[in-house]
Each structure stands twice: as structure tokens, then as C-alpha cells.
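Below you'll find the structure, written out as C-alpha cells, and then a few comments.
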Amino acid sequence: MPDLNDVVLADAPLVLVVEDEAALADILCAYLVRDGLRVTRAGSGPAARQLFAAESPDIVLLDIRLPGEDGVDVLRAIRRAGETPVIMTTALADCADKMQSLQLGADDYVVKPYNPAEVVARVRAVLRRTYRGAPAVEPPQPLRIGRLEIDHQAWRACLHEASGEPRTLPLTLTEFRLLACLAGQPRRCFSRSELIEACLPESDALDRVIDSHLSKLRRKLQDAGGSEFLETVRGIGYRLCPAS
């Protein structure tokens, strides 16, 4: 599995996702990274404690029902260590669990099944109040790769013409995600499976679906005068080639 953190800034807030359902954790981590956050993950109570001590995350998404150790006990340990914000998640809409978590110092509480986008919004809301005085949690600044500029905050990509004027690329959401992923590590070749994992984690997309999206992306780059950017690596995948 590729390291999703490769596509975000190294100083972005770090989220510890504690979830024993691997498929759910995959989707949630992908949504967080897509929003410009770094992630680390644990699938049990003991692993969560170990990662918390080793990596000092900026916020924790903590499931209550965990193998090895209950999430409430992990929350107690986090609170003994300091004031790191914690959002509890659980499949149970049990008021007793909710009240106990909040009394122990949890900052928020989410009941499954949840919308991952809503969880990301809650993470952002808590971070605005707690993360290094708040300004640092703003989305990444526009990324410039030669003539290509990608604005994650505006979900906008453009090519700068010789005159310096930007020409906006008419990209779909998926095309933008693919371009941003490739631009995060110029010259690196991404396999189709890596692109699916990073940009379409919630879907059952096949390799040919990625090929179709990238074919359309290449055509739009060509129409804007950027035919040199996207390169197919036969038998492997795709890479973005910086150009002046």
C-alpha cells in the first residue's frame, strides 16, 4: 500500500486513526489525506498507545470498541499524558458511552455509520481551536510545478502561458485528484493501483477506469498547451514530468 502522506505537506497536522475495521480505516485515512492532513493508524488499543507515544499526533480519532484494550482506557491514558484533542467513534449510539467519553475529556463524538467527509469537517473544526494557534491548519498553499499550478484550497489547476496569464483546466473532481497526486511527487511513477488507493479509495475502480480518467486529463492538458506534463510508463503506470 502506498504511503498516502507522500501527497501532503510534511508539516501538516498529524491525525492518529484508531480503528480495527481495516476497510473503514482505509477510507477515512484517504479522506483525511485528501484534505491536506497526515495520517498514522492503529488497529488495537495497545498499538494506539504505542503510536501515540512515538508520534505525538495533533489529534486522535479513537474507536471505543477495540481489540486488546477498550478505547475509553486509551482515552484515559491520552488525558494523563496531556490535552491532545480526541474525537471518539463507535458503532453504538449508547448515551452512557458518550457521556463517559465526554466526561473523560473527549472533544467530540461520532456514531457509525458516519459520512467520512463529515468526520474530516469535525477534525478541522477541532484543529482550528487547538493546533498551534490555528493558522497552520489552513489548507496547503498552491503548488507550482513549472507552468502548472495546483490550488488545493480552491480545487483548481491551471497552466501559466508565456505571458504569465493562468489558463484554468476544466477538470472533474477525479481528474483534479489524480493530477494533484502526481504533482505531489514529480517524476515519480505511480502504479494504477496506487492512484486508485490515493484518489478513489471509496470505489471499486479497475485499472482501465484510471486509464480513462488519465486519458481525459492528458487531452485537457494538451488542449491547454501542456502536452509534455503527463507521461505513461509502459507496464507500470503514470508520472508527471515537470517542464518550464
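The values are calculated or read from the model by the stated rules, or taken from the named source; none is laboratory data. Please read these numbers as outputs of a predicted model, since none were measured by experiment. FYI the Cβ positions are ideal-geometry reconstructions off the backbone, even for glycines, and counts take in every protein chain you see. These accessible areas exclude ligands, DNA and RNA; they are computed on the full protein's heavy atoms, side chains included. Shrake-Rupley method; radii C 1.70, N 1.55, O 1.52, S 1.80 Å.
For the chain, a crude dipole built from +1 on the beta carbon of Lys and Arg and -1 on the beta carbon of Asp and Glu, taken about the Cα centre, is about 600 debye to the nearest 20. Around the amide H of Leu66, modelled in the peptide plane, lie the amide H atoms of Gly71, all under 5 Å away and 5 or more residues distant in sequence or on another chain.
For Gln222 and Arg76, calculate 0.36 nm times their separation in residues minus their Cα-Cα distance, and state this gained length in nm to one decimal. Show your work: numbers first, answer last.
Numbers: separation 146, 0.36 × 146 = 52.56 nm, distance 5.56 nm.
Answer, rounded to one decimal: 47.0 nm.
Between the amide H of Arg167 and those of Leu159, His160, Glu161, distances stay under 5 Å, these residues lying 5 or more places away or on another chain, with hydrogens modeled in the peptide plane. Per atom type, the chain shows carbon and sulfur on 50% of its accessible surface, probed at 1.4 Å.
The sum of -39500 (n - 2.57) across all DSSP H runs of n ≥ 4, divided by the residue count of the chain, sets its helix-only mean residue ellipticity at 222 nm to -12000 deg cm²/dmol.
Amide H contacts for Val86 (H built 1.01 Å from N in the peptide plane; partners 5 or more residues away or on another chain; cut-off under 5 Å): Val60, Asp107, Asp108. For the chain, the longest principal axis of the alpha carbon atoms and the long axis of helix 71-81 meet at an angle near 90°. Relative to the longest principal axis of the chain, what angle (0 to 90°, nearest 10) does the C-alpha long axis of helix 207-223 take? Approximately 50 degrees, to the nearest ten. Under the criterion of Cα pairs below 8 Å and six or more residues apart, the relative contact order for the chain equals 15 percent.
3J(HN,Hα) couplings calculated from phi for region 147-156 with the Karplus curve 6.51 cos²θ - 1.76 cosθ + 1.60 (θ = phi - 60°) are, in sequence order, 7, 8, 10, 10, 9, 5, 5, 8, 6, 9 Hz; Gly and Pro show x. Applying the Karplus relation 6.51 cos²θ - 1.76 cosθ + 1.60 with θ = phi - 60° to region 48-61 yields 3J(HN,Hα) values of 5, 4, 5, 5, 4, 5, 7, 10, 6, x, 8, 7, 10, 9 Hz, where x marks Gly and Pro. Under the simplified labelling scheme, the His160-Ser212 pair shows an inter-label distance of 3.6 nm, with each label point 7 Å from Cα along Cα→Cβ. Extension gain for Asn115 to Glu231 (0.36 nm times residue separation, less C-alpha to C-alpha distance): 38.3 nm.
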